[in-house]
Amino acid sequence: MTIEDLKELRYLDSEIKAVQQEIKGMYNTYRSPAFEKIGQSPLSPGDPTSEAVQKITTLQQKYNRMFTEMADKRDRINAWVAELDDPEIRSIIRWHYLNGKSWKQTSKLVYGANSYYNARKTLMRFFGREK
């Protein structure tokens with residue numbers, strides 16, 4: 001397991017939230033984006049409802065694929081974390097990468113210190129990234 005693998009989990013989680021927000025916005029007909037294709041006149045015949053349903057369906061399929069991928073990554077990370085001997089590192093990884101806390105929040109939860117650097121520096125040293 002590498003630090004990049006752990007970062008991928010956070011990025012995937014963020015992307016899933018963005019897709020989820022996009023799907024939610026599609027249901028709000030007042031604020032949803034126009035469903036016309038670029039260059040298409042809004043007066044041309046078509047079925048905007050079926051286009052909206054098609055876009056929502058496509059986004060939902062993407063969301064489901066990403067959610068499954070994230071669940072698989074979380075399972076692999078949890079299995080790897082369970083094998084670690086150092087409870088400090090396990091705690092940092094769980095709070096920051098699996099629970100989505102910021103470095104400052106993670107430091108507060110692990111060390112009781114409200115500092116950006118404590119937990120981050122410990123983990124980077126574990127992975128050989130800092131002295």
**Asked** For residue 9, which of the numbered conditions (1) under 25 Å from residue 84 (Cβ atoms); (2) modelled with pLDDT under 90 fails to hold?
**Response** (2)
**Fill in**
Scanning the range 26-56 for residues that are outside any loop (DSSP other than H, G, I, E, B) and exposed (fewer than 12 other Cβ atoms within 10 Å of the Cβ), the one modelled with the lowest pLDDT turns out to be 49
**Request:** Determine which member of the set 119, 79 is open to solvent by less than 60 Å² (accessible area, probe 1.4 Å) and either over 16 Å from residue 7 (Cβ atoms) or of a type in the set (Lys, Arg) (or both).
**Result:** 79
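The values are calculated or read from the model by the stated rules, or taken from the named source; none is laboratory data. Keep in mind that what you see is a predicted model, and the values were worked out from it rather than measured. In this analysis, Cβ positions are derived from the backbone assuming ideal geometry, glycine residues included, and neighbour counts consider all displayed protein chains. SASA here: full protein model, heavy atoms, side chains in, ligands and nucleic acids out. Shrake-Rupley method; radii C 1.70, N 1.55, O 1.52, S 1.80 Å.
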